[in-house]
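Trainee: One structure is given below, represented as structure tokens, and several questions about it will come after.
The values are calculated or read from the model by the stated rules, or taken from the named source; none is laboratory data. This structure is a prediction, so every number in the text was calculated from the model and none was measured. Here the Cβ positions follow ideal geometry from the backbone for every residue, glycine too, while neighbour counts run over all protein chains shown.
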Amino acid sequence: MISDTISILTDSTLIQTAHLITNDTLIIKVQHCSTSSAAQSTILESVLKNGITILIALVAGFIALLQVKSNVISIARIKWMDDLRNNLGEVCDSAMDTSLNFSNHMDNEKEDLYDDYGKYLLSYSKFTIASSKTILLLDSESNIHSQIETLIEDIDVMLDDENIEETTQDEISTKLDEIIKLSKQVFKKEWKRSKKVFKL
């Protein structure tokens, strides 16, 4: 009887103990699942936050790169305009000097006749150099640039020693005025383009 009671108690204790172990295991499993879900959620949020940050950084870097490229192009365009303006100024000055020096050479009957002719050759040489530099800066496919190039070539022919005797300073001045007029159009257009800022 005593042994049966002990056996029952033992069995009951074992059952209760097994029951408690089972419940604890379920609780542990539930807690483990809950903890695992929370960890995954935290990782996902972290990935999303970092991903958004990286994406924003990439977009900002891309915009900055395009802005730098735009600025470099604008600076190069401004440099080109300065070079063209300086060379065109030299073309105008040397063309008028060439015409004036040859006129003095023709009018002068003194001993310094050859000095005046030397001045003509020197100024014509300067015109040739300036006109060559200017033409190199022009785009022959552009209508306005092509017109400027043609006018410079016309003046070159007029100032040549074979034709200059038949050329008047007014004719040279008229051609130069046309060059200046066209040049203003070129500079106005290019200046507007150089001031443009990249917009996304």
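Trainee: Any chance segment 150-165 includes a residue that's modelled with pLDDT under 90, in a helix (DSSP H, G or I) and farther than 21 Å from D83 by Cβ? Reasoning before the result, please.
Mentor: Going through segment 150-165, the residues modelled with pLDDT under 90 turn out to be 161-165.
From what is left, the residues that are in a helix (DSSP H, G or I) are 164-165.
Within this subset, residues satisfying the condition of being farther than 21 Å from D83 by Cβ are 164-165.
Yes, because at least one residue in segment 150-165 is modelled with pLDDT under 90, in a helix (DSSP H, G or I) and farther than 21 Å from D83 by Cβ.
Trainee: Identify all residues within segment 120-145 that are in a loop (DSSP other than H, G, I, E, B) and hydrophobic (A, V, I, L, M, F, W, C); write none if there are none. Step through it out loud before you land on a result.
Mentor: Residues of segment 120-145 in a loop (DSSP other than H, G, I, E, B): 138-142.
Within segment 120-145, just L138 meets the criteria.
Trainee: Looking at segment 147-168, I want the residues that are within 11 Å of S99 (Cβ to Cβ) and have a partner that is in a loop (DSSP other than H, G, I, E, B) and modelled with pLDDT under 95 with Cβ atoms under 6 Å, at least 6 apart or on another chain. Which pairs are those?
Mentor: As it stands, the answer is M158/T167, since those pairs meet every condition given.
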